Amino acid sequence: MDLRTQMAIQPTLQTSRLTLTPFLVSDAEAVFAYACNPNVSQHTTWNTHTSVSDAEHFIRWVHELSLIH
């Protein structure tokens, strides 16, 4: 499965202690909080975010992928 397909699939994952839900644009500040850290982004497919706007664009990109698949 290629990266775009993997990113497009956003199930809700739930355990007894944790629930992971698909990204929402309202999550942009929280995404930015970790995506702006170069120690984190070096292990990802995206560049280090320099603004909340970068996180918003990333979330919108993920949403567009989910509409395609």
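The values are calculated or read from the model by the stated rules, or taken from the named source; none is laboratory data. Everything numeric in this text was worked out from a predicted model, so none of it was measured. Don't worry about glycine lacking a Cβ; one is built from the backbone with ideal geometry, like all the others, and counts go over all protein chains shown. SASA here: full protein model, heavy atoms, side chains in, ligands and nucleic acids out. Shrake-Rupley method; radii C 1.70, N 1.55, O 1.52, S 1.80 Å.
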Taking the range 42-69 and keeping residues assigned to a helix (DSSP H, G or I), touching a Pro at 6+ places or on another chain (Cβ under 9 Å) and open to solvent by 50 Å² or more (accessible area, probe 1.4 Å) leaves HIS63
Among the listed residues ALA30, ALA35, which satisfies the condition of being aliphatic (A, V, I, L, M), within 11 Å of the chain's Cα centre (by Cα) and exposed (fewer than 15 other Cβ atoms within 10 Å of the Cβ)?
ALA30
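Just name the residue that is modelled with the lowest pLDDT out of those in the range 4-41 that are outside any loop (DSSP other than H, G, I, E, B) and of a type in the set (Val, Ile, Thr). Steps first, answer last, please.
In the first step, residues of the range 4-41 are kept if they are outside any loop (DSSP other than H, G, I, E, B); the result is 4-8, 13-14, 19-20, 25-35, 38-41.
Checking the rest, the ones that are also of a type in the set (Val, Ile, Thr) come to 5, 19, 25, 31, 40.
Numbers: THR5: 69, THR19: 95, VAL25: 93, VAL31: 96, VAL40: 95.
In this case the residue turns out to be THR5.
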